[in-house]
Structures are given as C-alpha cells and as structure tokens.
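Derivation of every value follows stated rules applied to the coordinates shown; laboratory data play no part. Just so it is clear, the structure is predicted and the values come from calculations on it, not from any experiment. Cβ placement follows ideal geometry from the backbone for every residue including glycine, while neighbour counts extend to all protein chains displayed.
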Amino acid sequence: MQDIQHFIAQAWDSLTRKMTSCATFQDVKTPGEPTLYLPADIPQPPAITDLSRRCPVHVEILPEVIHHLGQIDSQRIGTPGLLYLPKPYVVPGGRFNEMYGWDSYFIIRGLLRDGRTELAQGMVENFLFEIDHYGGILNANRTYYLTRSQPPFFTSMIRAVYDAEQAKGRNAEKWLAKTYPYAVKDYNLWTREPHLAGSTGLSRYFDFGTGPVPEMADAPNYYRRVAHYLLLHRDLSDAILVETRLSGTPRHVLMGPVFGLDLCAAPRASAAAASQECEPVEELTLSEDFYKGDRSMRESGFDTSFRFGPFSAATHHYAPVCLNSLLYKVETDLEWMSIQLGRGEEAQQWRMRAMKRREAVNRYLWDESRGLYMDYDFERGRQSSYVYATTFYPLWVGLAAPEQAHAVMQNLRLLEQPGGLAMSQQATGMQWDFPYGWAPVHLLAIEGMRRYGFNSDADRISYKFLSMVLENFRRDGTIREKYNVVSRTTETPVEAGYTQNVIGFGWTNGVFLALLHELPRDMAERLVEQ
C-alpha cells in the first residue's frame, strides 16, 4: 500500500506538463515536428519567447479569434499541434499527452486527496482559459479537438476545489464568483442546437467536425476494420453506415477514404464454396453520418463500444443517460453556486431547469419494467436495450428516486464481476464493453450507491476494484488505464481502436486514492494485509 501511494505521489510530478517543458509538446498521434499554437487574441507570453530555441517546437498563432467550438476548420490551421494553456496540468499518460476534459475531474479528485490543491485549481483555471480563447472546454488542448468537448464535469471540478479550499480555512467565495459565469457558458453549449436530442428536452453528444478524426492517424487501419465489419454484418448496421461507390462519384467529395475490401472472412455455406476465390468489392466507404456518429462518440468519452450500435456510430441519434445525468448535476450545482453568491432569483431558475430535466429523464430514460436507466434513440422514438454501466449515473447525481435507486441496485448482478463493474454485458472486442472496467465509472457508481445508503454493496465493489489494482501493481509495478474485471488482470486484447493499455494513469491514480479514503477502516486494513 505504501508503495502504490508513493507511486501515485510521484506520478503527479511525472505527468505534470507546463509550457516551458519540451516534453509537453510530444504527440505520438500525429506525425511531424511539434507545433504550439497561441490564441489570436493574446500577446505572446514571456515564457514562450525562447521556446523554439530550447525545444524542437514551432510556435504559431491561430488564424482567427475563436468564440465557439466548431468555428474554425482544422484544415485552415495546417499542421496539428498543441494549444497553449497558461498553467501546469496533469495528463493521463502514454499517448495521451495533453489535458483532457473529463479525465481532469478524476485527476483533480486525486490531487486534492494528495494535498495538491494549487495544481488542481490551476487545471480548473486552464478550462477558464479554454472557454475564453478556444470557444469552450475541449476534448483536450490539441487543434484537432477544436470541434468537440467532453462530458460536463466542470461544475464538479469547481465544487471539489472550492470544498478543499474551505476545508483549509481559506475563503474561496471570490474564486467561486469568478468561475460561475464560465460554468454557465459551458452549460449553454449542451442546451442549444445542435446538442439537443430532438424534442425530448434532453441533450446529446455532437461533434461539429466532419469526416475521419485526425487523432486516429497512428491507428490507420481502424476505419478499414470498421468498414469490413459492417460489410460482414449488414444485419447489425443501417445501410447508411456503409456505401458502395461504384457509380463514379468523384473521390474528392467523399468524407473519408475508399477501401478495397473482399469477403474472404465471410462465412461460406460449404467447404467447396470456401475454397473459391474471394468475392471482390471494388470500392467501399463510410458515410457522412457514420463519421458524425464516430466523432460524437469520442465526445462522450466512451470510445469505443457498441452501446450506440456497431462502433457507436449512432451516438448522435441518442439522448444518453450519462450526459443528461451530468447536466442535471450541473443545474443543481449552478443552483448551489447561485445561493452561495447571493443570487436567489438565478437559483430558482436553475432549480426549475433541474426539475424539468428530471421529468424528461424519467419519461424517456427510465425503464420501469427493467429497473434500469437506458439511453433513448430519439430518431426512432424508442429506448435502447443495451445494458450499460452509466445506469448508475443518476444515483451519483441524486436524480433517482429512492425506489428507482433500489431497482437499479437489484440489477447490480448484471454488471458485477470479480474485479468490480464491467461496462456492459456484450463482449464486442471494444475497450468500453465487457469484460473491461474503468476507474471513473467505478467512482461514480460507488459514490452513487453510498448516496442512497447501499453501503455494503459500495464497499464490496470498491474492495474488488482496489484489490485488483493493487494485485496488478504488485505484479508489474504500474497503474493502467483499464482492467479486465473478469480475469482481474491488465490483459486487455482490444480488437480495434485504442488497443494499448496505457501506463500512467491519471484517472486511475485519482480514483484509487478517492475510493481508498471512502473505504471503511477495517476493509482498508484487510486490503493492506492481503
């Protein structure tokens, strides 16, 4: 236990990036020499003046002042690069060498538990800078993320830092007043078109960009594998996901690459048929709607699963449980902030918004017969049947009624495994599906259980997850991005997408500390003994 806590304490330093360090600008996801981009509406910071002399990095200025996400076409920017942030920040680790949106909440929870309040507060203030100069909270501070955000944990970050400051006897009211209008701006992104889920009163994930995502350049076969899978499983996908291009359509008008695929891997009716030559498919490409869904899936943070159809390509057609639960928390957080700041009328408005969202969640996302929260396909007007670990989000945010929380807990067995909670029941080969489990979802689920008084279940799941992380740390001396909660190992043979199990790892470190602190003393002592 001492070793893993020491490892995490050291990791905060090794994972911290600042604009004066050459290691900050490395990006294995894109080729070429690193480039740092400054906003068009600020003078060059003194720390950047001699950066090109000290580090192998180009310094450029963005071509225009950015007021909102999706305003600027990344093709106008040219070489992908890092976006300037004024304060140090903690990265997840490995290939993820930038400050991420939702990762940062779980990292901040760990930093605060380790007493690193200044670093945690600086990360929140970096998001204020993103809102001011990049149009919103970004997926991460890279130019190719200027078209999308990530799940809205911003008010949760603000409250975590505020509470830590108050616990130290510091008056944080002025800082709270500073962050409040930024939190409102972030909220507005999700409650306006095109982030609205039809006429449901709920919201959806939506990336403003088009075509393949640039950050998959280091995984060039991903979209080919998607196209091949869809070709072999037409019964599982809509026709719009794959389009044959035999009509002479000019290639320059297509959204993405054209693949020359065959049916070699398709099941054959007989041994004689299997011995025949492959049936050729001269040209195959993925549709514009596929790429929109693919990008929106990445805004959700759950990249990749089959939660919203194959490869979650229909993400933008759903009102998801996770997003709308988090927005309910944003509304209740903004109500709390308004009260703290003496803005009673605004507090009442936030309270009404939260009530309306709760009504919409109960109408569209609550499945009474199953006792689960399910995503809603607003294009087809029906609930998904895909059981997913986000069903615990309404418990974490306090949206569920006591009887709804009880019903969800009655279904805990659907996802509980030896190492904690699996993301789903479906073994799709994707990293956000069975048999994999992730630290952030464990924290939200376990704290949601505690909120409704299911402490014994919370303790059991927490112990399973913490002991699994500890066992693997004893085995290889590292902490990983994700775990196989069935085998209780870090063996994660993901078939497509992000196939590595990255070492670091920011949010696992933070969640480990948070869950350990919440575990009853006798169970924590047993964890040490084992």
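Points to keep in mind about this one:
- Overall dimensions of the stretch 1-120 as given by Cα atoms, namely Rg and Dmax in Å: 16.0, 50
- Taking the average, over residues, of other Cβ atoms within 10 Å as the packing measure, peptides 373-379, 320-326 rank 320-326, 373-379 from highest down.
- Ascending count of other beta-carbon atoms within 10 Å, so fewest first, for Ile137, Ile72: Ile72, Ile137
- Axial C-alpha extent at least 15 Å, average Kyte-Doolittle at least -1.0 - helices from the chain (DSSP): 2-14, 103-113, 117-134, 154-167, 173-190, 222-232, 321-340, 439-451, 455-476, 506-518
- Kirkwood hydrodynamic radius of the chain, Cα pairs, Å: 24.2 Å
- Of all DSSP beta bridges in the chain, antiparallel share, percent nearest 5: 80 percent
- Tensor-based shape of the stretch 277-418 (alpha-carbon gyration tensor, a/c under 1.5 rounded, otherwise prolate or oblate): prolate
- FRET efficiency estimate (nearest 0.05) - Cβ-Cβ, Ser456 to Glu345, R0 45 angstrom: 0.60
- q = 0.18 Å⁻¹, the stretch 471-517: log10 I(q)/I(0) [Debye, one scatterer per Cα]: -0.58
- If you look at the Cα atoms of the stretch 314-362, you get an Rg and a Dmax of 12.5, 43 Å.
- Gain in span if fully extended, Ala401 to Ala9, counting 0.36 nm per residue against the direct Cα distance: 137.3 nm
- From least to most packed, judged by other beta carbons within 10 angstrom and beginning with the fewest, Ile77, Ile107, Ile339, Ile66 follow the order Ile339, Ile77, Ile66, Ile107.
- Checking the Cα-Cα distances for Lys18/Lys168; Lys178/Lys292; Lys29/Lys292 against a 32 Å cut-off, the pairs over it are Lys178/Lys292.
- Using the Cα coordinates of the stretch 96-150, the gyration tensor eigenvalues translate into equivalent-ellipsoid semi-axes of 21, 12, 8 Å, sorted from longest to shortest.
- Extension gain, Arg413 back to Asp235 (0.36 nm per residue minus Cα-Cα distance, nm): 61.1 nm
- Proportion of all alpha-carbon pairs of the stretch 342-488 beyond 20 Å (%): 53 percent
- Sequence-distant lysines (8 or more away, or on other chains) whose Cα lies within less than 25 Å of Lys464: Lys482
- Panel values: the stretch 415-530, Kirkwood radius from alpha carbon pairs, Stokes-Einstein at 25 °C and 0.890 mPa s, translational diffusion coefficient 173 µm²/s.
- Sorting 435-448, 406-419 by their mean Cβ neighbour count within 10 Å, with the most densely packed peptide first, gives 435-448, 406-419.
- Residue-averaged [θ]222 nm for the chain, counting only DSSP H segments that reach four residues, each worth -39500 (n - 2.57): -13000 deg cm²/dmol
- Each peptide in 308-314, 489-495 gets a packing score, the mean of other Cβ atoms within 10 Å over its residues, and the list from highest to lowest is 308-314, 489-495.
- Lys464 sits among other residues whose Cβ lies under 12 Å from its own Cβ, and their net charge, with Lys and Arg +1 and Asp and Glu -1, is -2.
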